[in-house]
Amino acid sequence: MSGMSIFDVTKPVAKSLSKVAPFVFQRIRTSQSQGESIAVLEADPVYVKKHKKLCLNISIVAETFLRVKREQTRGRDLNKKTQTMVAIFLDTFFSHPCNMPKHLIFFIDYFPSTTRQDTYHLINFMNRHASTRDRFRERLCSTDGQIMEVLATKFADDQVGGICLEIFGELIRQEDVCRKVLATSSVLDQTYLHCQDNAFEVTAGAFTMIKTMLFKFPTLGAEYLRENYDSFIERYSVLLRSRKYITLRLSLQILSELLMAPPNRKILIKFISQVSNLRLILRGIFYKNGTVRYEAFHMLKVFIANPRKTPEVHDLLIEHKDRLTEFLNTFTLKSQETKESFYKEKSSCKAKLNKMKPREEAEAKTN
């Protein structure tokens, strides 16, 4: 599909689905049986003449989902009729050549708000229900990340951004899907891009997705960082250079939590050995906002405490020694004033920084 948009090959289905789904979900919501649903569809020639098969499939999907949801809400075991509906659901939904899960997501912005909510609940059902989750995730992972990429591109959409964030967050809580997303550069690029959005909800949502991907499965997150350290730092450095308060604050906060996690100890050692990373942290230290400076301090203290500083890191700390000493002497944060550990860490950093000497002077004393 090089040179061709994922939308180009599915426009006929898009047109069909965008017309059919709102109609079907609206009718099915009040239907009592599969037979009644089909009868309603067949009575409307505008939608059914050309798209009867697609209508029928969506009706069975919606009918099954709503029936199972009603049974579970009442605390009952699924009866035989419902079990039959689930079987029909599996056979029709997953055998349809247009890949129904993909297209429900691809064209969710075509639907009115009530249909979008139905789609969201339906996807959650498929992702969690024992009778559907394996085949759903198989379809999800067989699209080379396209479904997740489409969701990521819609994060900032005024109409469907919130729902797409919820669907994305639901799906990446599955390890196989999370692994697929971490291996798909286009999805990561879109997610990091939204971390710099002007809307707080979009920025916070995108950071939540990144945190979920890297924290939900610690072993997977550590593996990803080890194997993709350079690309991770390249993307993350853009966030640390941001002038936007929320972007800078959340990027520093998540970075410190991530690198301080026990599985990422080797990544932390590598990170604090690079002077380019120290420069980024110093930007946070000298930022005008106290909360950002506090988040940056959590990383600065590790650079200062490192007994095996690289020459470049050592020299940069010496270069800014006076400014850093002033920062450590004067910096306070109201919400942290009662935290004894914070002041102990500050005192420790000041003591270590005061002992640091220019390398030439230290070498001369040694000789």
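Any read-out appearing in this document is the output of simple, stated calculations on the displayed coordinates, not a laboratory observation. Since the model is a prediction, treat every value here as computed from it, not as a measurement. Note that each Cβ is placed from the backbone with ideal geometry, even for glycine, and that neighbours are counted across all protein chains shown.
Computed values, structure above
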| quantity | calculated |
| --- | --- |
| Pairs beyond 21 Å (Cα-Cα), from LYS266/LYS339; LYS244/LYS344; LYS301/LYS321 | LYS266/LYS339; LYS244/LYS344 |
| The range 194-314: Cα Rg divided by the 2.2 N^0.38 Å rule of thumb | 1.02 |
| Using θ = phi - 60° and Karplus 6.51 cos²θ - 1.76 cosθ + 1.60, couplings along the range 120-130 (whole Hz; Gly, Pro as x) | 4, 5, 5, 5, 4, 4, 5, 6, 10, 6, 4 |
| Rg/Rg_ref, the range 259-301, where Rg_ref = 2.2 N^0.38 Å and atoms are Cα | 1.20 |
| Footprinting exposure proxy for PHE297, PHE200, PHE215, PHE168 (fewest neighbouring C-beta atoms within 10 Å first) | PHE200, PHE215, PHE297, PHE168 |
| Prolate/oblate/rounded call for the range 98-251, Cα gyration tensor, a/c under 1.5 rounded | oblate |
| Cα gyration tensor shape of the range 176-249, rounded if a/c is under 1.5, else prolate or oblate by comparing a/b with b/c | prolate |
| Global geometry of the range 114-200, whether rounded, prolate or oblate, following the gyration tensor of its Cα atoms and the 1.5 cut on a/c | oblate |
| Distance cut-off 22 Å, percentage of C-alpha pairs in the range 240-367 lying past it | 36 |
| Packing-based exposure ordering (other Cβ within 10 Å, fewest first) of ASP176, ASP230, ASP109 | ASP230, ASP176, ASP109 |
| Between the range 178-253 and the range 298-328, the Cα center-to-center distance that results, in Å | 26 |
